[in-house]
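Read through the structure below, which is laid out as structure tokens, and then see the notes.
Only the coordinates and a few stated rules stand behind these numbers; no lab work does. Remember, predicted model here, so these are calculated numbers, not experimental data. Counting neighbours? That spans all protein chains shown, and the Cβs are built from the backbone with ideal geometry, glycine included.
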Amino acid sequence: MTEPAGSQRADLERAVRTYGGLWDTERGLRALRDAGHDPQDKHTRQILRDLASDGLLVKVEDQPVRYRTVRAD
């Protein structure tokens, strides 16, 4: 059962804000599964890119792609 993209994005954003730290596709997939979604790799990567565009994450590694949560000081 696939959930609407908006709720996956909201749930992943909530997880990133709650847990912080480093994020990659696998961690994003686990967070979405834990929230009750049936996520796809490609869509999860897009959500992570969107969160980086919004300034919540910053890319710290290209191969494999990893992001770090931006601290709100």
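Axis of helix 41-53 versus longest Cα principal axis of the chain: the two differ by about 40°, to the nearest ten degrees. Working note: 222 nm ellipticity from helices only, DSSP H runs with n ≥ 4, each -39,500 (n - 2.57), summed and divided by the residues of the chain, gives -16500 deg cm²/dmol to the nearest 500. Compute the angle between helix 25-34 and the longest alpha-carbon principal axis of the chain, please, reported from 0 to 90 degrees and rounded to the nearest 10. Roughly 50 degrees, rounded to the nearest 10.
Of SER53, SER7, the sequence from fewest to most neighbouring Cβ atoms within 10 angstrom is SER53, SER7. For the chain, the relative contact order works out to 33 percent when only alpha carbon pairs closer than 8 Å and six or more residues apart are counted. Can you give the FRET efficiency to the nearest 0.05 for ASP54 and GLU26, using r as the Cβ-Cβ distance and R₀ = 25 Å? Computed FRET efficiency for ASP54 and GLU26: 0.75.
Backbone amide hydrogens, once placed in the peptide plane, bring ALA35 within less than 5 Å of nothing, excluding anything fewer than 5 places away on its chain.
Rg then Dmax, both in Å and based on the Cα atoms of segment 5-69: 10.4, 29.
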